[in-house]
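Since the structure comes first, as structure tokens, the remarks are kept for the end.
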Amino acid sequence: MAIVTLNNGVEIPQLGFGTAAIDEWQKDNGYVTDTILKAISIGYRHFDTAAVYGNERALGRAIRDSGLPRQELFITSKVWDTEQGRGTADAFARSLERLQLEYLDLYLIHWPVPAYTRETWEVMEALYDEKKVRALGLSNFRQSDIEQIATFAEVKPTYNQIELHPYLTQKKLVDYCCFHRIAVSCWSPLGSGSWSGVETRDKPVVDPLIVELAEKHGVTAGQIILKWDIQQGRIVIPKAEKLDHIRANFLLEDFELSDAELEKIDSLNRDHRFGGDPDTAHEENRKVEVPE
Ligand SMILES: NC(=O)c1ccc[n+]([C@@H]2O[C@H](COP(=O)([O-])OP(=O)(O)OC[C@H]3O[C@@H](n4cnc5c(N)ncnc54)[C@H](OP(=O)(O)O)[C@@H]3O)[C@@H](O)[C@H]2O)c1
């Protein structure tokens, strides 16, 4: 699988494995560990979690049980809204403890909370200087949030993880990030997991154009969407529990979409969010606590 080099030189596998709501939201059990171990055995080396997913322990067990050297894995976690500001150092320490790791590869601010961004980022910069994390990044940051961070950051953000799929292409924000050498990573690339309550019939994986392209290329609809991301240089972190899905999502090398096909998929955009909107999400997020 291809590698993306972040603006600080750290390399990240372009395809990662999303871990939100494996089994169910905030489940941290043996089934979660087994699902992640299946992904590792298929070849995934990049895993995306967050304190609020409540499954860092299960990921940590999978890492240990895999027997792989730590440096062969790329692990991302995120600081939740309620733990931003001065709480960030403790939140980071608790994530490491739950994961049973000495360091993270990437640590993100999960959602922008402009009143806390400076304090949060300065704590993260200290963790970076102490080499407890190899790269710092953002999630759900709008252009205005990135402009805010640029006014004081000594360590430049390397990455912005945003909701991105054929129904929400966020072209302006993607172009802005690319111009500033901030890697774009796509969450809910297939139209979201069980946490969102969205019906399959409403997701881009069943869109007629995507299905038609899948038939033409002899692959699955999910593979078409992921390839659309990969060919345009975006990092992508699909979540899957079914073995067929875990396998298929990893097998993206044997076909290529034409420029015209990429453009057709781009044109499916309808600015439709399956998850929270950064303009308003904080109001709901602040009611959600990170489970111990
Ligand atoms: N930063 C943020 O705020 C944020 C927000 C949301 C998500 N995320 C991250 O992004 C990751 C991915 O997003 P997501 O979990 O919302 O959903 P997603 O990856 O868009 O979709 C997951 C759903 O698609 C199904 N699926 C997987 N592969 C498929 C395929 N090849 N064909 C058809 N269906 C397939 C899965 O089914 P099965 O599980 O049954 O196989 C599951 O129901 C998360 O796990 C998390 O790590 C970040």
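The values are calculated or read from the model by the stated rules, or taken from the named source; none is laboratory data. In this text the structure is predicted, and so the values were computed from the model without any measurement. Because the Cβ atoms are built from the backbone with ideal geometry, glycine has one as well, and the counts that use them run over all protein chains shown. When the accessible area is computed, the model is the full protein with side chains, heavy atoms only, and any ligands, DNA or RNA have been set aside. Shrake-Rupley method; radii C 1.70, N 1.55, O 1.52, S 1.80 Å.
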Counting only protein heavy atoms with a 1.4 Å probe and every protein chain in place, the carbon and sulfur fraction of the accessible surface of the range 214-292 in whole percent equals 46 percent
C-alpha long axis of helix 56-66 to longest principal axis of the chain, angle in °
70 degrees
How many angstrom lie between the Cα centre of the range 127-183 and the Cα centre of the range 60-75?
26 Å
Could you state how much accessible area residue 176 has, in square angstrom rounded to the nearest 10, with a 1.4 Å probe and all protein chains kept in place?
40 Å²
If we count every other residue with Cβ under 15 angstrom of residue 279's Cβ, Lys/Arg +1 and Asp/Glu -1, where does the sum land?
-3
Semi-axes, largest first, in whole Å: what does sqrt of 5 times each Cα gyration tensor eigenvalue give for the range 156-231?
25, 15, 9
In square nanometres, what is one fourth of the surface area of the convex hull spanned by the alpha carbons of the range 47-162?
6.5 nm²
For the range 212-292, what is one quarter of the convex hull surface built on the Cα atoms, given in nm²?
7.9 nm²
So what is the relative contact order for the chain, in percent, with contacts set as C-alpha pairs under 8 Å and at least six apart?
21 percent
Just to confirm the number: angle between the C-alpha axis of helix 114-129 and the first principal axis of the chain, 0 to 90 degrees, nearest 10?
80 degrees
For the chain, what does the accessible surface come to per residue with a 1.4 Å probe? Please give it in Å².
44 Å²
Fraction of accessible area attributable to carbon and sulfur, the range 14-66 (%, probe 1.4 Å):
45 percent
Which is farthest toward the positive dipole end of the chain among 67, 223, 20, measuring Cα position about the Cα centre, with Cβ charges +1 (Lys, Arg) and -1 (Asp, Glu)?
67
Take the residue pairs 131/242; 227/287; 78/264; 171/227; 27/287; 171/242 and return only those whose Cα atoms are more than 29 Å apart.
131/242; 227/287; 78/264; 171/242
Within the range 1-120, percent of DSSP bridges classed antiparallel, to nearest 5
25 percent
In a Gaussian network model of the chain with springs linking alpha carbons closer than 10 Å, the residue among 114, 13, 189 that fluctuates most is 114
Please figure out what share of the DSSP beta bridges in the chain is antiparallel and state it in percent, rounded to the nearest 5.
15 percent
Please compute, for the alpha-carbon atoms of the chain, the extent along each of the three principal axes and give them in descending order in Å.
52, 42, 36
Expressed in nm², what is the orientationally averaged projection area of the convex hull enclosing the Cα positions of the range 1-94?
6.7 nm²
